[in-house]
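As C-alpha cells, the structure follows; a few thoughts come after it.
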Amino acid sequence: MFYSLLTLNPRSHQVQSEIASPYEMHKTLLKAFFTGKFGVERVNPEAADVLFRLDSHDDSVLTVLVQSRTEPNWAVLNRGYLLETPKVKQRELSLQAGQLLTFRLRANPTKRLGKSAEYDKGKRVGIYDEDDQLAWLARKGEQHGFRVLRAQISQDAKIKNLEAIHRNDGVHDLELLSVQFDGVLQVNDPDNLIQAVQTGIGSGKGFGFGLLSLAPAR
C-alpha cells in the first residue's frame with residue numbers, strides 16, 4: 001500500500017470548500033490516480049483502493065492521510081492547494097496474532113431500523129449514543145479480526161452534503177455522522193485485519209470514513 005501525507009493550504013478557497021463538502025475532496029484526490037478504477041471496483045486488481053482522512057492539529061495545520069493500492073501523482077493538484085510537497089511512502093503491513101497496536105478510525109457508525117420503525121423500516125441511520133458507538137466498534141472488531149482493548153471518542157459531528165441524493169421524488173441532502181475513535185486493539189486474525197485495513201471499515205468511504213491507521217503500542 002502507498003501512504004501519502006498531504007498538508008493542505010487553509011487559505012485556499014478550494015480547500016475551505018472541500019472541508020465543508022468532503023465528497024468534493026474525494027473527487028480532487030482521485031485526480032492523482034489514473035487507472036480509472038476506484039472504490040466501486042475494489043475486487044479489480046488494478047483498483048486504486050483510495051481511502052482518506054482529514055486531520056486537524058492543535059497548531060491549526062490541516063493534513064490528509066491518503067491510502068492507496070497504486071502510486072499517486074500529486075502533481076496534478078491545483079497550485080496553491082498544498083503548503084508543501086506531499087510525503088509518499090510504500091509499506092507492506094505485517095501483523096501477528098496477539099500483537100497490540102494503537103489505532104485511529106474516523107467512521108460513520110450506522111444501524112438499520114427494525115420492525116418497530118413504522119415508516120422507515122430497514123432505513124440506515126446514524127448511531128448517536130456513545131456507548132452504542134463503542135459497541136458498534138467492538139462488533140466491527142469481531143468482524144475484522146481484532147479486539148478493542150481501549151477506545152475513546154474524540155470527535156463527534158455531522159457532515160452534510162447538499163443535494164447529494166437523487167431520487168424520483170427530487171433531490172435531497174445527505175447527512176452523515178462522523179465519529180473518530182482512538183485507542184488500542186489486539187490482533188486476533190492478522191489476515192482478516194489486513195484485509196480490513198486495505199478496504200476500510202464501515203460506510204461512507206467517499207466522505208473520508210473507514211481508514212484504519214495502526215501503529216505499534218508503546
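The values are calculated or read from the model by the stated rules, or taken from the named source; none is laboratory data. Because the structure is a prediction, the values reported are computed rather than measured. Note: ideal-geometry Cβ built from the backbone for every residue, glycine included; neighbour counts use all protein chains shown.
Listed values, structure above:
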| item | result |
| --- | --- |
| Residue that is over 28 Å from SER94 (Cβ atoms), assigned to a loop (DSSP other than H, G, I, E, B) and modelled with pLDDT of 70 or more, where the choices are TYR119, TYR128 | TYR128 |
| Test: residue in segment 155-164 that is at negative phi, within 17 Å of the chain's Cα centre (by Cα) and at pLDDT 95 or above | no |
| Residue count for segment 85-112, restricted to those that are polar (S, T, N, Q) and crowded, with 18+ Cβ neighbours inside 10 Å | 1 |
| Condition met for SER4 (at pLDDT 90 or above and surrounded by 19 or more Cβ atoms within 10 Å (Cβ to Cβ)) | yes |
| Filter result (outside any loop (DSSP other than H, G, I, E, B), charged (D, E, K, R) and at pLDDT 90 or above) within segment 7-60 | GLU18, GLU24, LYS27, ARG53, ASP55 |
| Enumeration of residues in segment 184-201 that are buried (at least 19 other Cβ atoms within 10 Å of the Cβ) and either among the basic types (Lys, Arg) or outside any helix (DSSP H, G or I) (or both) | LEU185, VAL187, GLY200, ILE201 |
| Scan of segment 191-218 for residues that are at negative phi and in contact with a Ser or Thr (Cβ under 9 Å, 6 or more places away or on another chain), ordered by number | ILE194, VAL197, SER203, LYS205, PHE207, PHE209, SER213, LEU214, ALA215, PRO216, ALA217, ARG218 |
| Unique match (being at pLDDT 90 or above and within 24 Å of SER203 (Cα to Cα)) among LEU105, LEU100 | LEU105 |
